[in-house]
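Inspection log for the structure reproduced underneath, given as structure tokens.
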Amino acid sequence: MAIGEGVRLDTPSGEEREVKAVGGTTIDGAPIAYVVALAAVVTVLAFIPLSVVIGSGKSFPMSQGIYPLVGWLLGPVAGALANGIGSLAGVFLAPHTSTMPIATVFGAAAGGLASGSMCVRDTRRSLRVVSVVVFVLAYSLYAGRAVLQNGASLWAVLLGSLINWSALLLFLLPTRTYFARWIGDQDLRKVAMGLFGGTWMIAGLVHLCTSAIIYFVLNWPNAVWVSIAPFAPFEHAVRCLVGTVIGTGVIAGLRAIGLVKPTYALY
């Protein structure tokens, strides 16, 4: 076609591309500013007691309700780092909600790694495998020590650790993928469902990691397993409610303001 027949030489053609600036250093695709901000949130929520730990006189912190959310917002490596730093600061600044520092920090970091690895992309598969190995080993040592070494009833241990083995099953089964897809859905009702189910799963695995370490020190008897059985699921449901309410609001807000999304975020 000849020039002059209505075609402009400076008219761009081809697929429209969108360029977003990440803005600074990143950790596994998550801006470091996000990691610092969420670590600070974890620390602040560590001050707020959520429930009483039987026999210890201490409390679980509200921050346990958002350990999974941090991984879903940042991805596995950045999520584990933010949870680890935030929970470590909470151990020193809010000792009234930390039963055993090493257990608190390890559980928080493991939760961020596991939730972040739920990204549907296959590139996170190796981290999921690592998480599965850690959780299976933790439950085997935890329940096995109770029954085989300390003489606790198998049924008492199964009932007392219901939130742990149910969380492990949910992580091993396709439910993990369903929760991930719901969290990434545009319908906030599905987001809330994914957050509640996902928090039950990931926070249950956090509880497993912390409890396995604590049990090797305290070795509580069969009577304690029986006593915690009716209360643990209700307590865990409260954790899930905290994660769902905070998570739904945060995800809705992030979508609305259009901040740069970390590479392995689910929302």
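The values are calculated or read from the model by the stated rules, or taken from the named source; none is laboratory data. Since this is a predicted model, take the numbers as computed values, not measurements. Don't worry about glycine lacking a Cβ; one is built from the backbone with ideal geometry, like all the others, and counts go over all protein chains shown.
For this structure, a couple of remarks:
- Among residues of region 55-72 that are acidic (Asp, Glu), none has a Cβ under 9 angstrom from a residue that is part of a strand (DSSP E or B) and at pLDDT 95 or above at a sequence gap of 6+ or on a separate chain.
- If the condition is being in a loop (DSSP other than H, G, I, E, B) and surrounded by 15 or more Cβ atoms within 10 Å (Cβ to Cβ), then region 210-238 contributes 220, 229.
- Test: residue in region 239-246 that is exposed (fewer than 15 other Cβ atoms within 10 Å of the Cβ), under 30 Å from residue 41 (Cα atoms) and either of a type in the set (Asp, Glu) or over 15 Å from the mean Cα position of the chain (by Cα) (or both): no
- Exclusive hit being touching a strand residue (DSSP E or B) at 6+ places or on another chain (Cβ under 8 Å), crowded, with 18+ Cβ neighbours inside 10 Å and farther than 22 Å from residue 98 by Cβ, set 265, 180: 265
- Residues (touching a residue at least 60 places away in the same chain (Cβ under 8 Å), part of a helix (DSSP H, G or I) and either under 19 Å from residue 72 (Cβ atoms) or among the hydroxyl-bearing types (Ser, Thr, Tyr) (or both)) located in region 105-122: 107, 108, 110, 111, 114, 115, 116
- Counted residues, region 54-90 - those being of a type in the set (A, V, I, L, M, F, W, C), in a helix (DSSP H, G or I) and buried (at least 22 other Cβ atoms within 10 Å of the Cβ): 10
- So residue 183, is it among the hydrophobic types (A, V, I, L, M, F, W, C) and under 15 Å from residue 65 (Cα atoms): no
- Filtered by the rule that a residue be assigned to a helix (DSSP H, G or I) and among the polar types (S, T, N, Q), region 91-104 gives 97, 104.
- A single entry from 192, 203 fulfils the requirement of being at pLDDT 95 or above, in a helix (DSSP H, G or I) and within 24 Å of residue 136 (Cβ to Cβ): 203.
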